Amino acid sequence: MKFRKNKGKMTLEAFFALNFDENSLWEYKADETDLLAELVAFFRPKKPTKAKPVDLTTLLELLRSNPRYRTGLGLYLKGILKHKKFSHILTDAGILSHTDFLFEVRKRMLAKLLPDQPQKDTLEYVLNQVFFVKTDPEWIATIPFEQLEELYGLLKFRALYASIEQNSPLAELVFAIQVLIHRITGRALESEVIQMVPEYENLESPFLAIQREFGIISERLQDEHHNYVSPDDISYRQLLVLHHQCLEYVRAAFKNSEKYGISIRVNQSLLRIRQQLERLGVLLPLLAIREEQEAVHDTIALGLNLITYNCYKTNVRELINESTQLISYEITQHTANTGEHYITKSRWEYLRMFWAASGGGIVVGILCIIKVLLSKIETSGFGHAFFYSMNYSLGFIAIYVLGFTLATKQPAMTAAALVRALQTGRTDTEVDDDEKHRAFAEFFARVFRSQFIAFVGNVVVAFPVAWLGIWLIDLSFDTNIAHGKWYHLLTDLSPIHSQAILHAAIAGVFLFLSGIIAGSVANRDKHRHVYYRIAEHPVLKKSLGRTRTQKLAKWYEKRWAGIVSNFWFGVFMGSTASIGIFLGLNLDIRHITFASGNLALALYGANYNISTEYMVWGVVGIGLIGLVNFMVSFGLSLGLAFRSRNIPLSELGPIIKSIFRHFLRRPGSFFFPSFRKKE
């Protein structure tokens, strides 16, 4: 009988009557999966949901009442599955194949668009042709297991343990376990992985031990022809203990990243080992059975796992989440540690923050004047981008090194500190779960007022410094440097006369990225032991002396990440407009502190002859620019910190409510410190 594609709607019984007559099944080739794909399509829901299980009652009743259909379907499925190799799915599907993160992402994205097509003698080929919808594992998991067991019995399938001969399912399983253990051991013994767990240096590697132990069990399976082991078998139990020790080894390596830092390559290596160990944890119990019924259960469970692994093997979202979570955690840990220095507690710290922000305002006021002077240089777009970038970068580095504060740099840092406080349920003292959100709201009030006074210090001081600078230049050289630029400087601040809000959002993104850069540099240097290498550098110790070399190493550890971060933030700020011109896009940046200085320059440049409308919109624009700077950088940093700590976004609801209640109860605490001794 030649297969004919069924058009239109067809009942399951009509489908069987047309296609499953055992007398005609021999005309089908063993690799023809079209009938199986169409049979699966009868049960695949359009919108799979766990709330509504898929029921096989109709199929089971049809097979029970009609031996011809039962025999026909059994012969067809056995013909398709006979001698199909599936070890590759167990060892590779859904597991990282490379330590290069970008390579793995590109590979999976290409596989989504143009799936790999394995040879027809593999089970992967059958699964690709039949279970090609990514939601297939979800609805298959809702089928009652009792129905799967009855279907298994009606079709008279052989159990996993029927034979350990070549190409048998058990032989494929044993081979897959061997491959996984060898790959795990090889990767775990690499020096870059070993250095993450120095506490294991003087201990026997559990990876070498599990490799030896499984070799003993696999030889017994071959020699004794039992095809399985008892769950009470000493070697098998030792195998499980060693598997647990290997998992603990990987957990210790991930945990030590806080002390030693971690690179993308090492992170990917550890992720691959963990994924392989988790896969091994699924496969090892399949070697042991106590009762005959367990053989049926294990065989069905293995089949379900194969479908799941094959469907999820190109999952890009999970890859990105797993690969970036630890790195983002280490980055946010650094920003959280830095951010805690920007959160004031007492009135003295509040005033000290104001003075630090005032110092930042002085530097920014000078930078505003320098930028106007640089704009008068006759050069290319690249030249202006370079000069503006160096102006910003050197200014930001000066603010950082001198101990001053740029208000908009803080939200990216304090967001991580806020989330860490939420994760641990702590502010200054430990609190129970019921009070966690209330304590967090109080902590948020401290953060907000710290940001507020920093904004005030920057804006209030930048304005008179910029005005004083342009006045002194005019007094000394009889030149009003802002005379031809005042209109441009003023309209750039207005949210209705320019794209000030969009440009402020772009600046917020750059503020977020600068925080990421700081955390990345700190994590990289910690992982590469840069501080220790500087402290013990023989040439430096000989030329500078041991004490000065130690001080240099400590200075580098404390300052370098911040210097690099501020340098790149300046590059982002200075080159955006030139890149926008090159691309033909309206790209630029607006920063609240620079906006304040530019307003002063615009006033002087126009000889104070500015309409009330433009002046009002300029002042309003400064406030809106600051608000957008804060919201974008804080929001992005908060989202990253939430994800890095596996805190669900559903937590935001009760947090916002708690913050709002705290604001209604004590609005002043969001702007000024408490006059009580203890808040």
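Would you please name the residue that is nearest to Gly360 (Cα to Cα), looking only at residues in the range 463-485 that are touching a Phe, Trp or Tyr at 6+ places or on another chain (Cβ under 8 Å) and open to solvent by less than 80 Å² (accessible area, probe 1.4 Å)? Steps first, answer last, please.
The initial filter retains those residues of the range 463-485 that are touching a Phe, Trp or Tyr at 6+ places or on another chain (Cβ under 8 Å), namely 467, 470-471, 474, 480, 482.
Keeping just the survivors that are open to solvent by less than 80 Å² (accessible area, probe 1.4 Å) gives 470, 474, 480, 482.
Values: Ile470: 18, Asp474: 24, Asn480: 25, Ala482: 22 Å.
Ranking the qualifying residues of the range 463-485, first place goes to Ile470.
If you take the residues in the range 605-620 that are touching a His at 6+ places or on another chain (Cβ under 9 Å) and part of a helix (DSSP H, G or I), which one is surrounded by the most Cβ atoms within 10 Å (Cβ to Cβ)?
Among those residues, the one meeting the criterion is Gly605.
Go over the candidates Phe443, Phe455, Phe448 one by one and state the one that is in contact (Cβ under 8 Å) with a residue 12 or more places away in the chain and closer than 24 Å to Ala602 by Cβ.
Numbers: Phe443 fails: closer than 24 Å to Ala602 by Cβ; Phe448 fails: closer than 24 Å to Ala602 by Cβ.
Going through Phe443, Phe455, Phe448 in turn, the sole match is Phe455.
Looking at (1) over 35 Å from the mean Cα position of the chain (by Cα); (2) of a type in the set (Ser, Thr, Tyr); (3) more than 30 Å from Tyr152 (Cα to Cα), find the lone condition where Ser218 falls short.
It is condition (3) that Ser218 fails.
Would the range 554-562 turn up any residue that is under 25 Å from the mean Cα position of the chain (by Cα), of a type in the set (A, V, I, L, M), open to solvent by less than 80 Å² (accessible area, probe 1.4 Å) and closer than 27 Å to Gly626 by Cβ?
The answer is yes; a qualifying residue exists.
Determine which single condition Asn305 fails, assuming it passes every other condition in (1) closer than 30 Å to Val130 by Cα; (2) in a helix (DSSP H, G or I); (3) at pLDDT below 90.
(3)
Within the range 225-239, which residues are open to solvent by 70 Å² or more (accessible area, probe 1.4 Å) and assigned to a helix (DSSP H, G or I)?
Correct list: Ile234, Arg237, Gln238.
Every residue, every condition in (1) loosely packed, with under 15 Cβ neighbours inside 10 Å; (2) small (Gly, Ala, Ser); (3) free of Cβ contacts under 8 Å to residues at least 24 places away in the same chain, yes or no:
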{"site": "Lys78", "(1), (2), (3)": "yes, no, no"}
{"site": "His83", "(1), (2), (3)": "yes, no, no"}
{"site": "Ile95", "(1), (2), (3)": "no, no, no"}
{"site": "Glu104", "(1), (2), (3)": "no, no, no"}
{"site": "Gln119", "(1), (2), (3)": "yes, no, yes"}
{"site": "Val133", "(1), (2), (3)": "yes, no, no"}
{"site": "Asp136", "(1), (2), (3)": "no, no, no"}
{"site": "Pro169", "(1), (2), (3)": "no, no, no"}
{"site": "Gln178", "(1), (2), (3)": "no, no, no"}
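Could you list all residues from the range 372-384 that are open to solvent by 10 Å² or more (accessible area, probe 1.4 Å) and either in contact with a His (Cβ under 8 Å, 6 or more places away or on another chain) or in contact (Cβ under 8 Å) with a residue 40 or more places away in the chain (or both)?
If the condition is that a residue be open to solvent by 10 Å² or more (accessible area, probe 1.4 Å) and either in contact with a His (Cβ under 8 Å, 6 or more places away or on another chain) or in contact (Cβ under 8 Å) with a residue 40 or more places away in the chain (or both), then Leu373, Leu374, Ser375, Lys376, Ile377, Gly381, Phe382, His384 are the ones that fit.
Does the range 38-56 contain at least one residue that is modelled with pLDDT under 80, closer than 22 Å to Gly79 by Cβ and hydroxyl-bearing (Ser, Thr, Tyr)?
no
What number of residues in the range 567-585 are without any contact (Cβ under 8 Å) to a residue 24 or more places away in the chain, open to solvent by less than 70 Å² (accessible area, probe 1.4 Å) and part of a helix (DSSP H, G or I)? Explain how you work it out, then say what you get.
Let us first name the residues in the range 567-585 that are without any contact (Cβ under 8 Å) to a residue 24 or more places away in the chain, namely 580, 583-585.
Subsequent filtering for residues that are open to solvent by less than 70 Å² (accessible area, probe 1.4 Å) retains 580, 584.
Subset that is part of a helix (DSSP H, G or I): 580.
Of the residues in the range 567-585, 1 are without any contact (Cβ under 8 Å) to a residue 24 or more places away in the chain, open to solvent by less than 70 Å² (accessible area, probe 1.4 Å) and part of a helix (DSSP H, G or I).
For the range 513-531, check the following and say yes or no: at least one residue is open to solvent by 30 Å² or more (accessible area, probe 1.4 Å), modelled with pLDDT of 90 or more and basic (Lys, Arg).
no
How many residues does the range 484-505 contain that are in contact with a helix residue (DSSP H, G or I) (Cβ under 7 Å, 6 or more places away or on another chain) and farther than 28 Å from Ile470 by Cα?
Start the filter on the range 484-505 by keeping residues that are in contact with a helix residue (DSSP H, G or I) (Cβ under 7 Å, 6 or more places away or on another chain), which leaves 485-486, 489-490, 492-498, 500-501, 504-505.
Cutting the leftovers down to farther than 28 Å from Ile470 by Cα gives us 505.
Qualifying residue count, the range 484-505: 1.
Every residue in the range 208-233 that is modelled with pLDDT of 90 or more and within 21 Å of Ala295 (Cα to Cα), please.
Across the range 208-233, the qualifying residue is only Phe214.
Of everything in the range 65-76, what is crowded, with 17+ Cβ neighbours inside 10 Å and not in a helix (DSSP H, G or I)? Give them in sequence order.
Matches in the range 65-76: none.
If you take the residues in the range 428-448 that are within 17 Å of Ser650 (Cα to Cα) and crowded, with 18+ Cβ neighbours inside 10 Å, which one is modelled with the highest pLDDT?
First, the residues of the range 428-448 that are within 17 Å of Ser650 (Cα to Cα): 433-434, 436-438, 440-441.
Still in the running and crowded, with 18+ Cβ neighbours inside 10 Å: 436-437, 440-441.
Values: Lys436: 69, His437: 71, Phe440: 75, Ala441: 80.
Only one residue fits best here, namely Ala441.
Collect the residues in the range 200-215 that are of a type outside the set (Ser, Thr, Tyr) and either within 11 Å of Cys246 (Cβ to Cβ) or crowded, with 17+ Cβ neighbours inside 10 Å (or both), keeping them in residue-number order.
Step one: list which residues in the range 200-215 are of a type outside the set (Ser, Thr, Tyr), which gives 201-204, 206-215.
Within the range 200-215, Pro206, Phe207, Leu208, Ala209, Ile210, Gln211, Glu213, Phe214 meet the criteria.
Only one of these is buried (at least 19 other Cβ atoms within 10 Å of the Cβ), over 37 Å from the mean Cα position of the chain (by Cα) and closer than 23 Å to Asn305 by Cβ: Leu127, Leu90, Leu39. Name it.
Numbers: Leu127 fails: over 37 Å from the mean Cα position of the chain (by Cα); Leu90 fails: over 37 Å from the mean Cα position of the chain (by Cα).
From the options Leu127, Leu90, Leu39, the qualifying one is Leu39.
Scan the range 269-284 and tell me whether some residue there is surrounded by fewer than 20 Cβ atoms within 10 Å (Cβ to Cβ), among the hydroxyl-bearing types (Ser, Thr, Tyr) and in a helix (DSSP H, G or I).
Checking the range 269-284: not a single residue is surrounded by fewer than 20 Cβ atoms within 10 Å (Cβ to Cβ), among the hydroxyl-bearing types (Ser, Thr, Tyr) and in a helix (DSSP H, G or I).
Test Leu652 against the stated conditions and say whether it is open to solvent by 50 Å² or more (accessible area, probe 1.4 Å), out of contact with any strand residue (DSSP E or B) (no Cβ under 6 Å at 6 or more places or on another chain) and not in a helix (DSSP H, G or I). Outline the logic, then answer.
Working: open to solvent by 50 Å² or more (accessible area, probe 1.4 Å): yes; out of contact with any strand residue (DSSP E or B) (no Cβ under 6 Å at 6 or more places or on another chain): yes; not in a helix (DSSP H, G or I): no.
So Leu652 does not fit the description; no.
Please return the ranges of helices (runs of 4 or more DSSP H) entirely within the range 438-539 where 3 or more residues are hydrophobic (A, V, I, L, M, F, W, C) and more than 20 Å from Trp617 (Cβ to Cβ).
Details: elements: 486-491, 500-527, 530-535.
So the answer is 500-527, 530-535.
The values are calculated or read from the model by the stated rules, or taken from the named source; none is laboratory data. Predicted model only: the values in this text are computed from it and were never measured. Note: ideal-geometry Cβ built from the backbone for every residue, glycine included; neighbour counts use all protein chains shown. These area figures cover heavy atoms from the full protein model, side chains too; ligands, DNA and RNA do not enter into them. Shrake-Rupley method; radii C 1.70, N 1.55, O 1.52, S 1.80 Å.
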